[in-house]
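Each remark here refers to the structure printed beneath this line.
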Amino acid sequence: MNTRSLLAMALFAGMTLGAYAQTKAPSTEQPAAKGAAEAAFKKADANGDGKLSKEEAAKLPAVGAKFDELDKDKDGSLSPDEFSAGYSPAS
């Protein structure tokens, strides 16, 4: 093989790898889901105390139905982290 052929093959390989890397970009789904959970938490937190009571959580039936399971520290309220563990945008 001559130098031109090798250079052309290297250039083609580089372009192919670059295109592949662009299609495998990190997913932005996680941050979007986290943002959705934060927004839902703020909306459900009617009194703005930074936690959800059982009554506030009941506004989201999927979360309210598993309130006791999500309340890991058993303090009778859901922290943002506890809420996020059980929230899905369809809730």
Selection over region 48-78 where residues are at positive phi and in contact (Cβ under 8 Å) with a residue 24 or more places away in the chain yields a count of 1
Of the listed residues (K59, K42), the one being surrounded by 11 or more Cβ atoms within 10 Å (Cβ to Cβ), at pLDDT 80 or above and assigned to a loop (DSSP other than H, G, I, E, B) is K59
Given the conditions (1) exposed (fewer than 11 other Cβ atoms within 10 Å of the Cβ); (2) modelled with pLDDT of 65 or more, every one holds for A19 apart from (2)
Inside region 45-73, the number of residues satisfying the requirement of being closer than 15 Å to S84 by Cβ and basic (K, R) is 3
Practice prompt. Report yes if some residue within region 71-79 is part of a helix (DSSP H, G or I) and not polar (S, T, N, Q); otherwise report no.
Written response: no
Given the conditions (1) at pLDDT 90 or above; (2) among the small types (G, A, S); (3) crowded, with 17+ Cβ neighbours inside 10 Å, every one holds for S91 apart from (1)
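The values are calculated or read from the model by the stated rules, or taken from the named source; none is laboratory data. Keep in mind that what you see is a predicted model, and the values were worked out from it rather than measured. No Cβ is skipped: glycine too gets one built from the backbone with ideal geometry, and neighbour counts run over all protein chains shown.
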